[in-house]
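Asker: Once you've had a glance at the structure underneath, I'll fire off some questions.
Here, each number is a calculation from the coordinates, and none is a lab measurement. Everything numeric in this text was worked out from a predicted model, so none of it was measured. Cβ: placed from backbone, ideal geometry, glycine included. Neighbour counts: every protein chain shown.
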Amino acid sequence: MVTPLLIPIVVIVGQFLIGVHLNREIPKAVDGTIDLSRWKQTSVIEFAGEWEFYWNRLLSGEQIRTVGEEFSIVEAPSVWTNYSSLGKLPAYGCATYRVHMTGVQAGVKYGVRIQNMATVYRLYVNDELIAQNGDWGDDETAPVSRYRPQFVSFIASANNLDMVLQISNNAYASGGMWEPIFFGVYNQVKMFDSLLSDIDNAAIAIIFITCVLFLVIFVAQHQDKEIIALVGIGTTVLLRMAICPYSELSFAYLLPNLPIAWIGRIDYLTLIAGQFLFAYFAYCEYGRKTHRGPIAVIGAISLLFALAAALLPYQSLSIVDYTLNSITLPLVLLYLIVRLAILVWRGQPDASVLLGTLVFLLMTVFYYMLYADYSIIYYVLSFSAFCYIILLFAECIVVSRRYYCAQKLEISYLKGQIQPHFLHNSLACIIGISRTDPNRTRELLQDLNTYLGGFFDYDSSDLITLRQELELVQAYINLERIRGGAEIEIEYQIDSDSILLPPLILQPLVENALVHGLRDKEGPGRIVIYAKRVRSNARIGVSDNGAGFHPNPSRGSRAGVGLENINGRLSKLFHTELVIAVPPGGGCDAYMEIPWKEADE
């Protein structure tokens, strides 16, 4: 249980140490200039730091150099509504960002990746337009196909270059350089760009397949609310990833004329729905140990935010975004972490997996906010698609462990059905003989005591050797023989007595042969217990020369209960069942085929 909690700590601490090392080499923009002369060009870097900022003006590099426009120094990437030193700038407007690059190698091909800045922009390098999004004047009705992350390249024409980013915003409650601009040698940026794209597309495929699988499980069982909650989580994740224009299945490709305002509303609604569904999944999974009050409160808050995101004017959604991301989402995560920590403390094994995942995601968020190291590993860890995969993977582990535990309980129940059945028969025999032979009774009780001592040593999911199983069978036969009647010959045809099989799975077959096959037979009876290799399987069974076997024994009969029990255990453990056949000479042959596996000597 400790391991899932240590993993995120080890990962984040390791990444911090890597970041400390890399930050010594990654150049930063200072007073509008970034010196690349000491940059070894061995990694992709982010143009972060102090940029020149020209508010309410769309300027070219030449205009800035020749006219000498006044500017401010601001931290970027950031939105301009956060620049408190400039007063309260309005959300709508335009601006120009500029950084002067020195130490560039002329003639080298460089790559640039511009993240998902949904506002209108134009990016220039030495007055050469290399990337653009949208058209000037676009508002929230603009089609989504105009807005996408981009990977572009240019060949440096000199050792000193100007990078100018013009931005206009008439759609969102915040404008500015939303996302970082990545820069590096062409091949490195290309690899980085492809890596993020591949993770995104792989995540879509993995999550889609997982959703289909869980949906099939739910339809087959018509129960387990946590399964349908997982389907809902996966669906909201797919929608969130589909609103990213960089995905191959993005709305930008499927619905190119969809307004960008719809993308924003889908973003808010899916975040709200995912927040509630994850809390609901944890409630369903550990419902007996949580209270309904918190999940009801989370549901009511989520519904309120969903209505606000759907009905409020688009320009007002920034209030929803701030409240959701800054207040409600951290509170929900904190509630889940506290509840899961309590469950882990109480010894709930599955809770540690979810707790470790949430701690990892929360530490990633805080790491992103407090210490950006700008390495490729850093961006992969903070990439939303990677986080979604980790989250859904943890939920799958929880569900699979629960199904495994439920299967073990069911096997224990099936095995337990045999115990009173056998004990009833044995004690009935001993009671019967105790009236005439006390010494024999003591011997039989000792046999029964030895049998039960070995019997209860085996767990319901254990596999024992055929040798051990035959000892139990022999003990049963000894107890059955005290009933008297015709002499029964027992023959063993065993290729290997070290084959592994479930405990107490032959005794019901021997019992059926004795009680239902040979009890009323005239003349000598014969039972053959055999184990032989058939291809890669072990065929283990019991045959007799008795009266045969009714093809449909009643469910309440001992034969019906015993065979149904064996079939249930075989199905759970090996996905197989008993085969009932009639040998050429008559009688009955009941056998199973399980994988041939022998115990180590």
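Asker: Between V108 and E598, what is the FRET efficiency for a Förster distance of 51 Å, r being their Cβ-Cβ separation, to the nearest 0.05?
Answerer: On the way: r = 65 Å, r/R0 = 1.28.
Plugging the Cβ-Cβ distance into 1/(1 + (r/R0)^6) gives 0.20.
Asker: State the extension gain, in nm to one decimal, for the chain segment bounded by K40 and N82, taking 0.36 nm per residue of separation less the distance between their alpha-carbons.
Answerer: Details: separation 42, 0.36 × 42 = 15.12 nm, distance 3.31 nm.
Gain on stretching K40 to N82: 11.8 nm.
Asker: Mind giving me the FRET efficiency for E564 and Y92? R0 is 56 Å, r the Cβ-Cβ distance, nearest 0.05 is fine. Display every interim value, and only then the final one.
Answerer: Working: r = 73 Å, r/R0 = 1.31.
It comes out at approximately 0.15.
Asker: So for each of 43-55, 527-539 I average, over its residues, the number of other beta carbons within 10 Å; can you give me the resulting order with the highest mean first?
Answerer: Numbers: 43-55: 21.3, 527-539: 16.3.
The packing order, highest mean first, is 43-55, 527-539.
Asker: For Q446 and Y492, what is the calculated FRET efficiency with R₀ set at 30 Å and r taken between the beta-carbons, to the nearest 0.05? Walk me through the numbers on the way to the answer.
Answerer: Working: r = 24 Å, r/R0 = 0.80.
About 0.80, to the nearest 0.05.
Asker: Can you compute 3J(HN,Hα) from phi for each residue in region 303-315, using the Karplus curve 6.51 cos²θ - 1.76 cosθ + 1.60 with θ = phi - 60°, rounded to whole Hz and x for Gly and Pro?
Answerer: 5, 4, 5, 5, 5, 5, 5, 8, 10, 5, x, 4, 5
Asker: Using a 7 Å offset from the Cα along the Cα-to-Cβ direction at both R65 and A428, what is the distance between the two label points in nm, to one decimal?
Answerer: Label-label distance for R65 and A428, simple model: 10.4 nm.
Asker: Ok, one more. Students often check this: by mean Cβ neighbours within 10 Å, which of 87-94, 163-170, 200-207 ranks highest, and how do the rest follow? Show your work: numbers first, answer last.
Answerer: Details: 87-94: 14.0, 163-170: 22.4, 200-207: 17.8.
Packing proxy ranking, top to bottom: 163-170, 200-207, 87-94.
Asker: Compute the length gained on full extension between V297 and E128: take 0.36 nm times their separation in residues and subtract their Cα-Cα distance, giving the result in nm to one decimal. Spell out each step's value before the answer.
Answerer: Values: separation 169, 0.36 × 169 = 60.84 nm, distance 5.43 nm.
Here the answer is 55.4 nm.
Asker: Between D462 and T436, with labels modelled 7 Å along Cα→Cβ, what's the label distance in nm to one decimal, could you check?
Answerer: Computed distance between label sites D462 and T436 equals 3.7 nm.
Asker: With a cut-off of 19 Å, note down the residues of region 101-123 whose backbone N falls inside the zone around a label point 7 Å from the Cα of I199 toward its beta carbon.
Answerer: So the set is 112-117.
Asker: Given the Cα-Cα distance of V338 and T141 and 0.36 nm per residue of separation, how much length would full extension add, in nm? All intermediate terms of the calculation are to be shown ahead of the outcome.
Answerer: On the way: separation 197, 0.36 × 197 = 70.92 nm, distance 4.25 nm.
Contour length minus Cα-Cα distance gives 66.7 nm.
Asker: I would also like to ask the following. Please compare each pair in K521/K572; K225/K572; K521/K597; K40/K88; K572/K597 to a cut-off of 28 Å on the Cα-Cα distance and tell me which ones are over it.
Answerer: Values: K521/K572 35 Å; K225/K572 23 Å; K521/K597 37 Å; K40/K88 40 Å; K572/K597 17 Å.
Pairs exceeding 28 Å: K521/K572; K521/K597; K40/K88.
Asker: Counting only Cα, what are the radius of gyration and maximum Cα-Cα distance Dmax of region 135-264, in Å?
Answerer: Here Rg and the maximum Cα pair distance are 19.5, 68 Å.
Asker: What distance in nm lies between label points placed 7 Å from Cα along the C-beta direction at T576 and K28?
Answerer: Distance between the two pseudo-spin positions: 6.7 nm.
Asker: Where the only charges are on Cβ atoms (+1 Lys, Arg; -1 Asp, Glu), what is the dipole of region 25-67 about its Cα centre, to the nearest 20 debye? Mind showing how you got there, number by number?
Answerer: Values: 5 positive and 7 negative charges, 17 e Å.
Computed about the Cα centre, the dipole is about 80 debye.
Asker: Let me know the volume per residue of the alpha-carbon convex hull for region 25-185, in Å³. Walk me through the numbers on the way to the answer.
Answerer: Values: hull volume 16.2 nm³, N = 161.
In region 25-185, the Cα hull volume divided by residue count equals 101 Å³.
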